[in-house]
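*Asks:* I'd like to ask you about the structure that follows.
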Amino acid sequence: MRIKGNLEIGGSDVIVMAGPCAIENKAQIHAVAKTLKSCGIKIMRGGAFKPRTSPYTFQGLGQAGLELMREVADEYGLFIVTEALSVEQVPLVYKYTDIIQIGTRNMQHFPILWAVGETDKPVLLKRGFMNTIDEVAYAAEHIKSRGNQRVIICERGIRTFDTKARFTLDLSAIPILKSMTGLPVIADPSHAAGHTNLVIPLALGALAAGADGLLVEVHPNNEIALSDGQQSLPLELIPEFILKAENVVMAIGRQMAK
Ligand code: PEP
Ligand code: MN
């Protein structure tokens with residue numbers, strides 16, 4: 001499936017999308033973009049509209065965040081993935097992003113699925129953390145039913161009885177969803193893990209299970225991150241992470257997108 005230009009997902013190349021949970025300021029986004037560029041990562045993630053559990057925490061910079069992210073991404077020649085939280089936000093997010101993200105909490109909000117289904121940009125659909133594999137497959141169908149066939153599914157962890165990790169990354173969902181839907185399936189080890197030290201092992205497991213890509217949270221300074229610092233990879237760890245990922249994908253006959 002074509003993302004943009006000659007960047008494809010779902011073939012033999014594996015794509016990494018990385019960036020902060022939330023876009024915070026220019027210095028943060030510059031530091032992230034510079035590192036991504038130097039590590040060969042082509043897609044920058046970052047939220048401008050954040051679906052935070054508590055309404056008393058940082059909710060994102062909104063349109064200013066989108067503008068900042070677009071400006072910096074263009075400067076470094078990166079693509080963007082960012083979330084639209086509501087139907088009304090779809091046209092605004094569409095204007096700035098290359099891939100529209102639908103978050104876990106909105107996976108079955110059918111009006112937003114229809115709204116992105118009427119656009120011509122790829123949609124990153126995150127599995128609801130309380131949803132079955134069938135339900136995420138049907139959610140993808142809702143998007144496709146409005147015309148947009150470019151849906152990328154993301155396994156980001158589901159809620160189980162265990163609480164040691166933030167969620168439980170459902171590795172089975174990766175090969176199952178790939179064969180059920182024929183769509184590219186990526187994994188988000190960061191939200192599943194909830195802890196920085198679990199991110200790389202979960203990412204490598206997802207790649208071994210056949211994930212077509214990864215969505216990873218990174219931050220220049222976890223200590224002062226306004227959102228999800230506890231699960232972000234420090235920028236210094238990215239080269240080592242990419243090297244390990246490269247080794248895993250090579251072992252299963254694939255390669256990292258160049
Ligand atoms: C995110 O990726 O920014 C995010 C909020 O993830 P999720 O919707 O999976 O919680
Ligand atoms: Mn996050």
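The values are calculated or read from the model by the stated rules, or taken from the named source; none is laboratory data. Keep in mind the model is a prediction, meaning the values are calculated, not measured. Neighbour counts are summed over all protein chains in view; Cβ atoms, including those assigned to glycine, are modelled from backbone coordinates with ideal geometry. Calculation scope for accessible area: heavy atoms of the full protein, side chains included, ligands and nucleic acids excluded. Shrake-Rupley method; radii C 1.70, N 1.55, O 1.52, S 1.80 Å.
*Asks:* What residue, among those in segment 1-27 that are touching a Gly at 6+ places or on another chain (Cβ under 7 Å) and of a type in the set (Val, Ile, Thr), is surrounded by the fewest Cβ atoms within 10 Å (Cβ to Cβ)?
*Replies:* 14
*Asks:* If you don't mind, another one. Quick check, is residue 170 more than 15 Å from residue 106 (Cα to Cα), without any contact (Cβ under 8 Å) to a residue 12 or more places away in the chain and acidic (Asp, Glu)?
*Replies:* no
*Asks:* Looking at segment 173-230 only, could you name the residues that are open to solvent by less than 10 Å² (accessible area, probe 1.4 Å) and of a type in the set (Ser, Thr, Tyr)?
*Replies:* The answer is 190, 227.
*Asks:* Can you tell me which residue is most open to solvent (accessible area, probe 1.4 Å) among those in segment 48-79 that are away from ligand 2 (no atom under 16 Å from the Cβ) and either under 21 Å from residue 188 (Cβ atoms) or touching a strand residue (DSSP E or B) at 6+ places or on another chain (Cβ under 6 Å) (or both)?
*Replies:* Across segment 48-79, the extreme among qualifying residues is 79.
*Asks:* Please state which of the following conditions residue 170 fails to meet, knowing it meets all the rest: (1) within 16 Å of ligand 2 (Cβ to nearest atom); (2) charged (D, E, K, R); (3) open to solvent by less than 40 Å² (accessible area, probe 1.4 Å).
*Replies:* Tallying (1) within 16 Å of ligand 2 (Cβ to nearest atom); (2) charged (D, E, K, R); (3) open to solvent by less than 40 Å² (accessible area, probe 1.4 Å), residue 170 fails exactly one: (1).
*Asks:* Hey, another quick one. Just to be sure I understand the filter: pairs with C-beta atoms under 9 Å, separated by 6 or more residues or on different chains, first member in segment 69-95 and farther than 15 Å from residue 113 by Cβ and small (Gly, Ala, Ser), second member open to solvent by less than 10 Å² (accessible area, probe 1.4 Å) and part of a helix (DSSP H, G or I). Which pairs pass?
*Replies:* Pairs that qualify, where the first residue is farther than 15 Å from residue 113 by Cβ and small (Gly, Ala, Ser) and the partner is open to solvent by less than 10 Å² (accessible area, probe 1.4 Å) and part of a helix (DSSP H, G or I), are 73/29; 73/33.
*Asks:* Something else now. For segment 223-236, name all the residues that are in a helix (DSSP H, G or I), in contact with a Ser or Thr (Cβ under 8 Å, 6 or more places away or on another chain) and either away from ligand 1 (no atom under 16 Å from the Cβ) or among the β-branched types (Val, Ile, Thr) (or both).
*Replies:* Answer for segment 223-236, where residues must be in a helix (DSSP H, G or I), in contact with a Ser or Thr (Cβ under 8 Å, 6 or more places away or on another chain) and either away from ligand 1 (no atom under 16 Å from the Cβ) or among the β-branched types (Val, Ile, Thr) (or both): just 235.
*Asks:* Now, a different point. When the residues of segment 244-258 are narrowed to those that are farther than 23 Å from residue 191 by Cβ and of a type outside the set (D, E, K, R), which ends up most open to solvent (accessible area, probe 1.4 Å)?
*Replies:* So the residue we want is 250.
*Asks:* Using the structure shown, decide if residue 258 is without any contact (Cβ under 8 Å) to a residue 24 or more places away in the chain, among the charged types (D, E, K, R) and more than 26 Å from residue 119 (Cβ to Cβ).
*Replies:* Considered against the rule, which asks whether it is without any contact (Cβ under 8 Å) to a residue 24 or more places away in the chain, among the charged types (D, E, K, R) and more than 26 Å from residue 119 (Cβ to Cβ), residue 258 comes out as no.
*Asks:* Considering each residue of segment 102-116, count those that are within 18 Å of the chain's Cα centre (by Cα) and either open to solvent by 10 Å² or more (accessible area, probe 1.4 Å) or more than 16 Å from ligand 1 (Cβ to nearest atom) (or both), and give that number.
*Replies:* Number satisfying all stated conditions: 4.
*Asks:* Take segment 123-155 and flag every residue that is surrounded by fewer than 23 Cβ atoms within 10 Å (Cβ to Cβ) and within 16 Å of ligand 2 (Cβ to nearest atom).
*Replies:* 128, 129
*Asks:* So which of 194, 205 ends up being of a type outside the set (Ser, Thr, Tyr), under 26 Å from residue 1 (Cβ atoms) and touching a helix residue (DSSP H, G or I) at 6+ places or on another chain (Cβ under 9 Å)?
*Replies:* 205
*Asks:* Give me the pairs: first residue in segment 126-155 and free of Cβ contacts under 8 Å to residues at least 60 places away in the same chain, second residue of a type in the set (Phe, Trp, Tyr) and in a helix (DSSP H, G or I), beta-carbon distance under 6 Å, and six or more apart or on different chains, which are they?
*Replies:* Filtered contacts from segment 126-155: 142/110; 146/114.
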